[in-house]
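I have placed the structure first, in the form of structure tokens, so that the comments after it can refer back to it.
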Amino acid sequence: MAKAVAKKEITDADVKRKAVKLVVAHLRKKLPQEVFIGSDGILGWIERFEELIEKPEFVASEYYDMRRELNDIIERTVDEELRFKFRDSWFSLGKALDKKLKAN
């Protein structure tokens, strides 16, 4: 006899966390391999954001603060092409934070 496995209740916070995690993974892929002006800033932001994602609780204000911080980093990015790539991630991050659990 197989034991019944209890399904974890999925919440809006779980949906947002998963969407945000994907945005950060895509942002990491957009980074050039070589060091660029401001690379320390964006890499540090990604590291702090990944730590935030790992926290068990989801405090929306912390995520919005990180999004504002990303905007500051974007404005300080010298390379125009990178700035546009980062800005796309900034918009995607906002959409991820707006996600809600699909109604059945």
query: within 18 Å of Leu101 (Cβ to Cβ), hydrophobic (A, V, I, L, M, F, W, C) and touching a helix residue (DSSP H, G or I) at 6+ places or on another chain (Cβ under 8 Å), is that true of Val24?
result: no
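Here's the yes/no breakdown for (1) under 13 Å from the mean Cα position of the chain (by Cα); (2) over 20 Å from Leu97 (Cβ atoms); (3) not basic (Lys, Arg):
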| site | (1), (2), (3) |
| --- | --- |
| Val20 | yes, no, yes |
| Arg67 | yes, no, no |
| Asp72 | no, no, yes |
| Thr77 | no, yes, yes |
| Glu81 | no, yes, yes |
task: Scan segment 67-83 for residues that are surrounded by 12 or more Cβ atoms within 10 Å (Cβ to Cβ) and without any contact (Cβ under 8 Å) to a residue 24 or more places away in the chain and jot them down.
output: Asn71, Ile74, Arg83
Residue check, Ile46 of a type in the set (A, V, I, L, M) and either over 13 Å from the mean Cα position of the chain (by Cα) or open to solvent by 100 Å² or more (accessible area, probe 1.4 Å) (or both): no
statement: Just one listed residue, out of Glu57, Glu62, is farther than 20 Å from Lys29 by Cβ, charged (D, E, K, R) and either within 14 Å of the chain's Cα centre (by Cα) or assigned to a helix (DSSP H, G or I) (or both), and it is Glu62
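The values are calculated or read from the model by the stated rules, or taken from the named source; none is laboratory data. Computed from a predicted structure; not experimentally measured. When we count neighbours, we look across all protein chains shown, and the Cβ atoms used for this are built from the backbone with ideal geometry, even at glycine. Only protein heavy atoms, including side chains, enter the accessible area calculation; ligands, DNA and RNA are left aside. Shrake-Rupley method; radii C 1.70, N 1.55, O 1.52, S 1.80 Å.
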